[in-house]
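Student: Have a look at this one.
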Amino acid sequence: MRTAIYPGSFDPITNGHVDIVKRAAHLFDRVVVTVAVNTTKRPVFTLDERVAMVKEALAGATGVEVTAFEGLLVESARQHKAAALVRGLRAVSDFEYEFQIALMNRKLAGEIETVFLMPSEKFTYLSSSLIRELAQMKADVSEFVPPCVVRELRAKFG
Ligand code: COA
């Protein structure tokens, strides 16, 4: 049983994240999508809201579990017996930051490999903050996020 862990703040989850989860689920027997309790960013959605949206967006995806994590990511990966950390690379600009984190995580837990997956090119320009900004300005984001996220954004921003 090969497990991968896919972390993020998911504030909120987008179709780009869902795309990465589906790709990871093709490669691994079990994918644990884990929502960061503490993030350096100030999330708009609470942890419970972010987890609930991720669960609903991924309902029915085979081999996918959703959870939250606090503290070091590699410790959570060890608890889930993950062989790999999955990260999405949308553009070259993501690489430098991801490379640094991947090397630090390798230093902390050499047995866990970081695997980079590319989302479909139609999602490469998506980010959660862009979605929040669009939703705040009442733009239609239904093309970019799962229906449950459209609903929650409307509830949050009117
Ligand atoms: N589709 C759309 N957007 C994507 C995406 C994709 N496939 N992949 C990434 N993004 C966006 C996210 O929406 C997010 O956008 P935002 O900045 O506008 O909110 C941005 O890219 C980066 O997000 P994400 O990949 O989710 O990472 P993050 O910065 O939110 O989370 C943690 C980073 C929580 C995983 C990381 O800080 C961590 O591991 N923390 C735990 C503490 C730890 O172990 N630290 C030591 C690390 S060496």
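Student: Would you mind telling me which numbered condition in (1) within 19 Å of Val35 (Cβ to Cβ); (2) not in a helix (DSSP H, G or I) Asn105 fails?
Tutor: (2)
Student: Does Glu111 fit the bill of being among the charged types (D, E, K, R), under 19 Å from His26 (Cα atoms) and loosely packed, with under 14 Cβ neighbours inside 10 Å?
Tutor: Criteria not met by Glu111.
Student: Would segment 45-52 turn up any residue that is within 11 Å of the ligand (Cβ to nearest atom) and in contact with a Leu (Cβ under 7 Å, 6 or more places away or on another chain)?
Tutor: No.
Student: Let me ask another. Among the residues of segment 9-17, are any assigned to a strand (DSSP E or B) and either in contact with a Lys or Arg (Cβ under 7 Å, 6 or more places away or on another chain) or at positive phi (or both)?
Tutor: No, segment 9-17 contains no residue that is assigned to a strand (DSSP E or B) and either in contact with a Lys or Arg (Cβ under 7 Å, 6 or more places away or on another chain) or at positive phi (or both).
Student: Quick check on Tyr125: is it touching a Lys or Arg at 6+ places or on another chain (Cβ under 9 Å) and either open to solvent by 80 Å² or more (accessible area, probe 1.4 Å) or part of a helix (DSSP H, G or I) (or both)?
Tutor: The answer is yes for Tyr125.
Student: Would you mind telling me which numbered condition in (1) farther than 25 Å from Phe157 by Cα; (2) assigned to a loop (DSSP other than H, G, I, E, B) Val44 fails?
Tutor: Of (1) farther than 25 Å from Phe157 by Cα; (2) assigned to a loop (DSSP other than H, G, I, E, B), only one is false for Val44: (1).
Student: May I pose another question? Is it the case, given these coordinates, that Ala59 is surrounded by fewer than 19 Cβ atoms within 10 Å (Cβ to Cβ), within 14 Å of the chain's Cα centre (by Cα) and at negative phi?
Tutor: Answer is no for this residue.
Student: Sticking with this structure for a sec: Residues in segment 81-95 that are at pLDDT 95 or above and either loosely packed, with under 13 Cβ neighbours inside 10 Å or not aliphatic (A, V, I, L, M) (or both): how many?
Tutor: Result for segment 81-95: 3.
Student: Which residue is most open to solvent (accessible area, probe 1.4 Å), if the candidates are limited to segment 62-72 and must be within 20 Å of Asp48 (Cβ to Cβ) and near the ligand (Cβ under 8 Å from one of its atoms)?
Tutor: Gly71
Student: Continuing with the same structure: Can you name every residue in segment 18-39 that is part of a helix (DSSP H, G or I), open to solvent by 40 Å² or more (accessible area, probe 1.4 Å) and either of a type in the set (S, T, N, Q) or in contact (Cβ under 8 Å) with a residue 24 or more places away in the chain (or both)?
Tutor: Matches in segment 18-39: Lys22, Arg23, Leu27.
The values are calculated or read from the model by the stated rules, or taken from the named source; none is laboratory data. This structure is a prediction, so every number in the text was calculated from the model and none was measured. Every residue, glycine as well, gets a Cβ built from its backbone with ideal geometry; the counts of neighbours run over all protein chains shown. All accessible areas refer to the heavy atoms of the entire protein, side chains included, with ligands and DNA or RNA removed. Shrake-Rupley method; radii C 1.70, N 1.55, O 1.52, S 1.80 Å.
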